[in-house]
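Data block below; observations after.
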Amino acid sequence: MKISAEERFWHKVNRDGPSECWTWMGSTSGKNYKNGNGYGVFWDGKKIRKATHVAWELEYKQEFPIDKMACHHCDNPICVRPSHIYVGDGFTNAQDRLRRGRHEHANKTHCLRGHPFSGDNLVVQGTRRRCRICLRIRDANHTKRMNEKGYWKSGQSKGWRLRKDMQ
Ligand SMILES: [Zn+2]
Ligand SMILES: [Zn+2]
């Protein structure tokens, strides 16, 4: 008995992984995309399609809009769980990502070690928020390691120099 394209499709999906996402186990394309795994592709018997589009079509029983793209609520390109996929255009997707990114950053009031992200302690580098105390600790640790190896540098200079007695 010949199995349907739909059956073939779901055979390539792992729904029992550790996350809520359904992982595409079939072929992928676009290796450089994001996490290096690319997006899933599926041969539907006539042509190669994006796995996310096929998953969406199987769930909602309609054709995926030709001028739109499949976006992920979960931000996981390899996920084909229909409830994680929504129809968007490139602009919506970028906006969504930006909004979420901003939201996440805005929610952080303390660094990983619990120093407050406020006042003088907050250092903004591009879109990242850094903790001044942690940056100082990191610098001090680096200086200590370099000193132990026999290197020194004066406050203003950028380069490390090997101590005379170590040369
Ligand atoms: Zn997902
Ligand atoms: Zn910190």
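Please treat every number below as a calculation from the coordinates, not as lab data. What you are looking at is a predicted structure, and each value in this text was computed from that prediction instead of being measured. Cβ: placed from backbone, ideal geometry, glycine included. Neighbour counts: every protein chain shown.
In this structure, the amide hydrogen of Val41, modeled 1.01 Å from its nitrogen in the peptide plane, lies closer than 5 angstrom to those of Ser27, Thr28, Ser29, Ala51, counting only residues at least 5 positions away or on a different chain. In a fully extended conformation the segment linking Gln156 and Lys61 would gain 27.6 nm over its present Cα-Cα distance, using 0.36 nm per residue.
Checking the Cα-Cα distances for Lys108/Lys158; Lys144/Lys164; Lys46/Lys68; Lys12/Lys46 against a 24 Å cut-off, the pairs over it are Lys108/Lys158. Calculated FRET efficiency, Ser29 to Met69, Cβ-Cβ distance, R0 = 22 Å: about 0.95 to the nearest 0.05.
For Arg132 and Glu7, a Förster radius of 41 Å and the Cβ-Cβ distance give a FRET efficiency of 0.10, rounded to the nearest 0.05. For Trp22, the residues whose modelled amide H falls within less than 5 Å of its own, excluding neighbours fewer than 5 places apart on the same chain, are Val80, Arg81.
Considering only Cα atoms, the convex hull volume of region 109-149 works out to 74 Å³ per residue. What the phi angles of region 135-145 give under the Karplus curve with 6.51, -1.76 and 1.60, with θ = phi - 60°, is a coupling list of 4, 5, 4, 5, 4, 4, 5, 5, 4, 4, 4 Hz, glycine and proline written as x.
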